[in-house]
Amino acid sequence: MFDLTGQKALVVGVANDQSIAYGCAKALRAQGADLAVTYLNDRAEPFVRPLAEALGATIIAPLDVCNAEQIDTLFLEITERWGKLDTLLHSIAFSRKDDLHGRVIDCSADGFGLAMDISVHSFLRLIKKAEPLMPEGGTCMTVSFMGAERVVENYGVMGPVKAALEAATRYAAAELGPKGISVHALSPGPLKTRAASGIAEFDELLNDAALRAPTHQLATIEDVGAYAAFLASREAFNVTGSVHMIDGGYSIVG
């Protein structure tokens, strides 16, 4: 893999040891990066803090991306402790259950706005905060899903939301490329995560993915982490703006 010694990485979205964000945090740390890891709230802290401590995270802090004060506090601590940031990994998404499980055309306006704010605009807010800390370049990553490109049964409103996230990734990459800051969307196939458990009939999607993927293997959080570590490295400095499929080839046949 790739040497990230001396790099500083912020990982947002760890909920437990099955989180994609946790797989990324492990891989970044294994390659030498120093970590800042966030947790959503007091209920999440007991699940996240032990994982972050085991990885030797320098910074462990609360972060609700709807709370501007918490964002400011987090980046102030990063600035004071590190003075820079090399990698931002954003792996959060949210939709109200009623909006997620219903038809897209029935999604409430406020529910659609909330899903977009937390799942998409929060990435842009964090990139904006990270930009001044990346004077020599850096890497910003988020997590998408194939439901952004085509209809996935029961994925509902998150399909349009992830499509917006991928579009935002491209525009941010174009705007920040001259500064040496790359922006990426990681798109793993179906994974068993807490967030995915909210999707109806998700077990059937997992089984179908394993059956139809050319490798006959589901992606793992370790697969995603390894790819993220590459994108965070200097070897990937000239790669930006893409949606990276990490799914055993499921997306080419699904």
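Read the figures in this text as sums done on the coordinates, not as results from a lab. Quick caveat: nothing in here was measured; it's all calculated off a predicted structure. Backbone-built Cβ (ideal geometry, glycine too); neighbour counts: all protein chains shown.
Laid out as a table, the results:
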quantity: Amide H within-cut-off set for L186, under 5 Å, with H built and near neighbours excluded; calculated: T142, V143, S144, H244
quantity: Pair-distance profile P(r), taking every C-alpha pair of the stretch 69-208, with 5 angstrom steps and integer %; calculated: 2, 10, 18, 20, 17, 13, 10, 7, 3, 0
quantity: Once exposed loop GluC sites (Glu not before Pro) are cut out (DSSP; at most 16 other Cβ, 10 Å), longest piece of the chain; calculated: 1-135
quantity: Rounded D (µm²/s) - the stretch 8-253, Kirkwood Rh over Cα pairs, Stokes-Einstein at 25 °C, 0.890 mPa s; calculated: 136 µm²/s
quantity: Nonlocal amide H pairs with Q7, under 5 Å, H built at 1.01 Å; calculated: D34
quantity: Distant-in-sequence amide H partners of G138 (H built 1.01 Å from N, under 5 Å); calculated: I181, S182
quantity: Equivalent ellipsoid semi-axes, the stretch 128-254, via Cα gyration tensor eigenvalues times 5, rooted, Å; calculated: 28, 16, 12
quantity: Projected label distance in nm at F237 and T73, using a 7 Å step from Cα toward the beta-carbon; calculated: 3.7 nm
quantity: Distance between modelled label sites at E222 and K128, nm, 7 Å Cα→Cβ extension; calculated: 4.0 nm
quantity: E53/D106 FRET efficiency (R0 51 Å; Cβ-Cβ; nearest 0.05); calculated: 0.70
quantity: Sequence-separation-based contact order of the chain, relative, with Cα cut under 8 Å and 6+ spacing, percent; calculated: 22 percent
quantity: Sites R81 and E149 - FRET efficiency at Förster radius 41 Å, r taken between beta-carbons, to 0.05; calculated: 0.55
quantity: Calculated [θ] (222 nm, deg cm²/dmol) that DSSP helices of n ≥ 4 give over the chain, each run adding -39,500 (n - 2.57); calculated: -12000 deg cm²/dmol
